[in-house]
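Report on the following structure.
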Amino acid sequence: MKKNILIIASVMLVLAFFSSCYYDKEDFLYAKMTDSVCDTTNVTYSGSVKSIIDNNCIGCHPGSSSASFNGYTALNTYLNTNSQKFLDYVNHASGSSPMPPAPAAKLNTCNLNLIRIWINAGHPNN
Ligand code: HEC
């Protein structure tokens, strides 16, 4: 019995020790999503661009359409010949069809910057 209490006590001690090392990374994880904290260092497809496209575009640009942005291969294929058109559309340049279309809001400045940086870097598979 005494032994059990000792074991339980040491397990709790170990747990307390490790939980003290935990810190909330939420700010870090979601920092790229807002304009006030826009981390434009080390912009990658997997870390920045994919989630923007997945959340705002692929509902209307799925794998089967000609302008498919679903996954790196499809998006890269489109951008190889149409990267300026893509940038014009998301930036609502004059003469373009604004994307995503109304009533959806224009992408925020941070997301537009992340997309532009990645495309201008040659839209690498990173
Ligand atoms: C509600 C549906 C919808 C959403 C969401 C949407 N699009 Fe579109 N998109 C369309 C339609 C419809 C067209 C074809 C009409 C046109 O080109 O004006 C189109 C055309 C385009 C084209 C031109 C394709 C071509 O033929 O060369 C681009 C680029 C584009 N969208 C980018 C985007 C991006 C980037 C997003 C996300 C930020 C997005 N779209 C979100 C419906 C949508």
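FYI, it's all coordinate maths here, none of it is from the lab. Computed from a predicted structure; not experimentally measured. Ideal geometry is used to build each Cβ from the backbone, glycine not excepted, and the neighbour counts take in all protein chains shown.
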Could you count how many residues in the stretch 84-98 are within 14 Å of Asn113 (Cα to Cα) and of a type in the set (Gly, Ala, Ser)? 0
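Out of the stretch 78-126, which residues are of a type in the set (Val, Ile, Thr) and either surrounded by 15 or more Cβ atoms within 10 Å (Cβ to Cβ) or under 18 Å from the mean Cα position of the chain (by Cα) (or both)?
Of the residues in the stretch 78-126, the ones of a type in the set (Val, Ile, Thr) are 81, 90, 109, 115, 117, 119.
Answer for the stretch 78-126, where residues must be of a type in the set (Val, Ile, Thr) and either surrounded by 15 or more Cβ atoms within 10 Å (Cβ to Cβ) or under 18 Å from the mean Cα position of the chain (by Cα) (or both): Val90, Thr109, Ile115, Ile117, Ile119.
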Pick out, from the stretch 34-120, the helices (runs of 4 or more DSSP H) lying fully within it that include 1 or more residues that are among the basic types (Lys, Arg), within 11 Å of the ligand (Cβ to nearest atom) and free of Cβ contacts under 8 Å to residues at least 12 places away in the same chain. 72-90
